[in-house]
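The block underneath contains the structure these notes are about, expressed in structure tokens.
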Amino acid sequence: MNDLEIVIGLEVHTQVKTESKIFCACSTNFESPPNSNICPVCCGYPGVLPVFNGKVLRLALKICKALNCEINKDIYFERKSYFYPDLPKNYQISQYKMPLGEKGYLEILNGKKVSINRVHMEEDAGKLIHKDNYSLIDFNRTGTPLIEIVSDPDINSPQEAYDYLNSLKLLLIYIGVSDCDMEKGSLRCDANVSLRKKGATQLGTKVELKNMNTFKGVRAALDYEVKRQTIVLNKGEDVIQETRLWDTQKLKTVVMRTKSDAHDYRYFPEPDLLNFYVSDELIESVSKTIEELPLEKKRRFMEKYNIIEKEIDVLISYSWLAKFFEEIIQFYPKPKDVSNWLIGPFLEQVNNLDKGFSAVKISAENFSKIVQFFTEGKLNNLGAKKVLSLSITTNEDIDTIIEREKLVQVSGQDELLKFVEDVISSNPKAIQEYLEGKDKSIMFLVGQIMKITKGKANPQVAKDMLERRIKK
Ligand SMILES: [Zn+2]
């Protein structure tokens, strides 16, 4: 194994966010009932003419630019012919000889620039749903715009493939071209993997891997395949060029087809669509819409804010959250405290909202007050979380909520004294235990104070007072 080098290339298909399909006006809505978003064009009736959806070009250009690709401005489509039940036309309109983008790269977290071979536009096929002894077909997906992103065989471990996929997904979400939801099939990945002697210039025989539905699945399938090929090579045998499927039940790859059944796709230029040129103005205007990319943002955050890397990774994992974070610190410039509240209580509450971030109404200014009041002791943890829950989807003023709900934390020793004495006189057993060395009993007593003050006491002040009174 030690003298072998792993060589991996990845092919990612992503559905881009358009209202309508790539060559007709049918909706791309994923929720629609089966076979309701179809028309003669996407079902390939004879004599119909496709019309190219310009939005697909803009989104594809955005991907190319974000991946540092050179753009081929002369655009034409080709037919990729094959027969399969989910493809009603018996050909797929795609780009072959002249992909929209070429020779780009994606920088991944470890700083490596994985080179991108090509980025091209094409249409998706329909979806087959296999039942026990019959299959169903849904043509809603037929003609949905797809962008295929093919890396060079430039990835050297299953973990690096996993990092590449996560970096690519985050990038695509950041630039707003796709929701990258693997469950809905809007991001799919195939891999090819081969081994060669370290230092060899020629690639080994590659095996193509399909049917991996998660990034972890891709990593596991590659791990398995590397081990399998190592054993084959160490026995002095040859790896067979074939396509293998990842079996998610047995956690192994199984042969799907060998090279002898390889397709000849008979590519030829699509005669029903005209060639056209992409203008420099269009490329320029699309480039301007690309904001700071995830990796740049991460580096800037690391430099600018005194927050640990793990927290920065969470903040930048949603562009919305990173932006909100920077808005809040305009009002309350304590990044560490703001980040704690965003990653902790805020994300926890967002996860319980049906619509996630899109349901959040609280303004940065209002949020900053919660963090400030908590940090300065006006609100305790419980009170601050309650205020947040009342304002998160309403943006109701924080001061108004605190006054109405009487949530101001009681930190004054004079105000707390009565409660402390009450708790001490009514819990002799806990006090005895504490004096005998059971430290936990003090927290029970603090809990009692929180209970009778309805959560308003400052727990730290209450704890200090209890300790002092008991030891007297
Ligand atoms: Zn259609």
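Taken together, the values in this text are just the output of simple stated rules run on the coordinates, not laboratory data. The structure displayed is predicted, hence computed values, not measured ones. Counting neighbours? That spans all protein chains shown, and the Cβs are built from the backbone with ideal geometry, glycine included.
I'd like to compare 401-414, 330-343: which one has the highest average count of other Cβ atoms within 10 Å, and what's the full order after that?
Going by the mean number of other Cβ atoms within 10 Å, highest first, we get 330-343, 401-414.
Give me the extension gain from Ile290 to Lys438: residue separation times 0.36 nm, minus the current Cα-Cα distance, reported in nm with one decimal.
Stretched out fully, the Ile290 to Lys438 stretch lengthens by 47.3 nm.
What length, rounded to one decimal in nm, is gained on full extension from Asp179 through to Leu274, with 0.36 nm per residue of separation minus their alpha-carbon distance?
The span from Asp179 to Leu274 would gain 31.2 nm if fully extended.
Beyond 29 Å between alpha-carbons counts as too far, so tell me which of Lys210/Lys355; Lys55/Lys184; Lys103/Lys250; Lys297/Lys334 fall in that bin.
Listed pairs above 29 Å: Lys210/Lys355; Lys103/Lys250.
Just want to confirm a number: the relative contact order over the chain, from Cα pairs under 8 angstrom separated by 6+ residues, in percent.
Once divided by the residue count of the chain, the mean separation gives 13 percent.
For Arg257 and Met302 in the same chain, what is the full-extension length gain: residue separation times 0.36 nm, less their Cα-Cα distance, in nm?
Stretched out fully, the Arg257 to Met302 stretch lengthens by 11.4 nm.
Calculate one ³J(HN,Hα) per residue across region 372-387 by plugging θ = phi - 60° into the Karplus curve 6.51 cos²θ - 1.76 cosθ + 1.60, and present them in order as whole Hz with x for glycine and proline.
So the Karplus estimates, Gly and Pro as x, are 5, 4, 5, 4, 8, x, 6, 10, 8, 3, 4, x, 5, 5, 5, 4 Hz.
Scaled to the compact-protein estimate 2.2 N^0.38 Å, what is the alpha-carbon radius of gyration of region 292-404, rounded to two decimal places?
Rg over 2.2 N^0.38 Å, computed on Cα atoms: 1.03.
How far is the Cα center of region 400-419 from the Cα center of region 151-203, in Å?
Here the answer is 55 Å between Cα centres.
Can you figure out the FRET efficiency of Lys97 with Phe357, using R₀ = 41 Å and their beta-carbon distance, to the nearest 0.05? Can you show the working numbers first?
Values: r = 42 Å, r/R0 = 1.02.
After rounding to 0.05, the efficiency reads 0.45.
If a cysteine in the chain has no other Cys Cβ under 4.7 Å from its own Cβ, put it on the list, ordered by number.
So, Cys24, Cys26, Cys39, Cys42, Cys43, Cys180, Cys189.
In the chain, what is the volume of the convex hull around the alpha carbon atoms, normalised per residue and reported in Å³?
Spread over its residues, the Cα hull of the chain gives 234 Å³ apiece.
Show me the ranking of peptides 272-282, 384-394, 186-196 by mean Cβ neighbours inside 10 Å, starting with the highest.
The packing order, highest mean first, is 186-196, 384-394, 272-282.
Which peptide among 416-424, 47-55 comes first, and what is the full order, when sorted by highest mean count of other Cβ atoms within 10 Å?
Working: 416-424: 17.0, 47-55: 14.1.
Packing proxy ranking, top to bottom: 416-424, 47-55.
Could you give each residue of region 228-236 its phi-based ³J(HN,Hα) in whole Hz, using Karplus coefficients 6.51, -1.76, 1.60 with θ = phi - 60°, and x for Gly or Pro?
Those phi angles translate into 4, 5, 4, 4, 4, 5, 5, 7, x Hz.
May I ask for the distance between the Cα centers of region 245-259 and region 64-143, given as a whole number of Å?
22 Å
Given charges of +1 on the Cβ of Lys and Arg and -1 on the Cβ of Asp and Glu, with all other atoms neutral, how large is the dipole of region 132-211 about its Cα centre, in debye to the nearest 20?
The dipole magnitude comes to about 380 debye.
With n ≥ 4 as the cut-off for DSSP H runs, can you work out [θ] at 222 nm for the chain, using -39500 (n - 2.57) per run divided by the number of residues, rounded to the nearest 500?
Using -39500 (n - 2.57) per qualifying helix, the result is -11500 deg cm²/dmol.
For Lys386, give me every one of the aspartates and glutamates with a C-alpha distance below 12 angstrom, ignoring sequence neighbours fewer than eight places off in its own chain.
Candidates past the 8-residue exclusion: Glu405.
Treating the beta-carbon of each Lys and Arg as +1 and of each Asp and Glu as -1, no other charges, what is the dipole magnitude of the chain about its Cα centre, to the nearest 20 debye? List each step's numbers first, then the result.
Working: 67 positive and 67 negative charges, 213 e Å.
Taking the Cα centre of the chain as origin, the dipole is about 1020 debye.
Mind checking which lysines have their C-alpha under 19 Å from Lys235, skipping anything on the same chain fewer than 8 residues away?
Lys197, Lys198, Lys206, Lys227
Between beta-carbons, use under 10 Å as the cut-off and find the net charge around Lys112, counting Lys and Arg +1, Asp and Glu -1. Intermediate results must be reported in sequence, preceding the final value.
Numbers: positive: Lys113; negative: Glu107, Asp154, Glu160, Asp163.
Summing Lys and Arg as +1 and Asp and Glu as -1 gives -3.
Taking θ as phi - 60°, what are the ³J(HN,Hα) couplings along region 196-202 by the Karplus curve (6.51, -1.76, 1.60), each to the nearest whole Hz, with x for Gly and Pro?
Per-residue couplings from phi come out as 8, 5, 3, x, 5, 9, 7 Hz.
Quick one: putting +1 on the C-beta of Lys and Arg, -1 on the C-beta of Asp and Glu, what dipole do you get for region 292-404 around its Cα centre, in Debye to the nearest 20? Write out the running numbers ahead of the final one.
Details: 16 positive and 17 negative charges, 28 e Å.
Dipole about the Cα centre, nearest 20: 140 debye.
So if I restrict to the alpha-carbon atoms in region 325-472, what is the Rg, and what is Dmax, the biggest pairwise distance, in Å?
Gyration radius and largest Cα-Cα distance of region 325-472: 17.9, 55 Å.
What are the residues whose amide H is under 5 Å from the amide H of Gln95, where those residues sit 5 or more places off or on another chain and H is modelled from the backbone?
Glu78, Met121
Under a straight-distance cross-link criterion of Cα-Cα below 17 Å, which aspartates and glutamates are reachable from Lys252, leaving out those fewer than 8 residues away in the same chain?
Here the aspartates and glutamates satisfying the reach criterion relative to Lys252 are Asp190, Glu208, Asp223, Glu225, Glu242.
What residue among Asn133, Asn351, Leu379 has its Cα farthest toward the positive end of the dipole of the chain, where the charges are +1 on Lys, Arg and -1 on Asp, Glu, each on the Cβ?
The residue sitting farthest along the positive end of the dipole is Leu379.
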